[in-house]
Amino acid sequence: MKQTKGTFKRECGVSETVGFIIIFGIVMTGIGLVTLYGYPALLQQQAEANVKNMQKTMIVLQTDLNSLTFKNVPYQETAIQVAGGTLSVKKVPNSQPYFKVWNVTDGDLTPDIQPGKLRFIADDGSTIIALENGAVITRYPGITGSYMNAEPRWFFDQTTKTFVITLIRIVGEQDFGQTGIGTIKIRLDDTNEEIYSVDSGDPPRISYNIDVNDDFSTAWELYFQKPELGLIDEGSTHFVLNYKLDPSVEKLVIKTVDITVLSL
């Protein structure tokens, strides 16, 4: 066949190998972008989901503590799942953080109550969640501050002029750590309730000694400043929070509770 002038039929530049390399390069670039940006984002979302689930778990455990504290239930057992970190409790709580109630005339109305805590720390150390003295608190190491996910059962009844404080100690039968699926068993060991008539000229004080190595003071300070409690700041520092009861309080009820974690 005679080739028409001005037209060319050359296929020497066509290669399956070149086409494969181009397509393979596009695929590998896509995989690289997913690995570089998508996978870390997926891990971050999973970590955030683990933290939210742990906050909900702590609130469930707070409900168990309240059953032991206010309903005199002797024993509670709850199935839990700990993902993305470790939940732990100490047999002997740190001596630094403690609560104390006192006044000028009588001195200490309670001894130094070392609350102990159930403490969750994320695998990457970015988040700490604690159940301390009936409150669920979240803290982010490296960032100043903390906040309460769920508050303790303190209240001021303005009708009867009664202020109620609950101080809860949490200790382990031994040092426990848990990750994955398990069962937490807790036992009520002791409970005590004291009732005091309040002299308006010498209202009781509440002191919270801060653990500088595991600092939840911001959460407690914001809680003490809630208007419905009527507490008055009296010289709080970076190491101790000091608040006194409103002078209108006529009766103070202090309930102390000892709870032991039998297993995690």
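Any read-out appearing in this document is the output of simple, stated calculations on the displayed coordinates, not a laboratory observation. Predicted model, so just to flag it, every value in this text is computed and none were measured. Please note: Cβ atoms are built from the backbone with ideal geometry, for glycine as well, and neighbour counts cover all protein chains shown.
Brief remarks on what is shown
- A simple packing score, the average count of other Cβ atoms within 10 Å per residue, orders the peptides 68-75, 204-211 as 204-211, 68-75, with the highest score first.
- Sorting the segments 90-101, 111-122 by their mean number of nearby beta carbons within 10 angstrom, highest to lowest, gives 111-122, 90-101.
- Cα-based helix-to-principal-axis angle, 16-33 vs the chain, degrees rounded to 10: 10 degrees
- Greater than 18 Å apart at Cα, pairs in 90/117; 91/117; 56/100; 56/255: 56/100; 56/255
- Most fluctuating residue given options 143, 26, 168, as computed from a GNM of the chain linking Cα atoms under 10 Å: 26
- Helix 39-70 axis, angle to the chain major axis (alpha carbon atoms, nearest 10°): 20 degrees
- Given the choices (1) 15.7; (2) 13.4; (3) 24.2, mean projected area of the Cα convex hull in nm² derived from the coordinates of this structure is entry (3).
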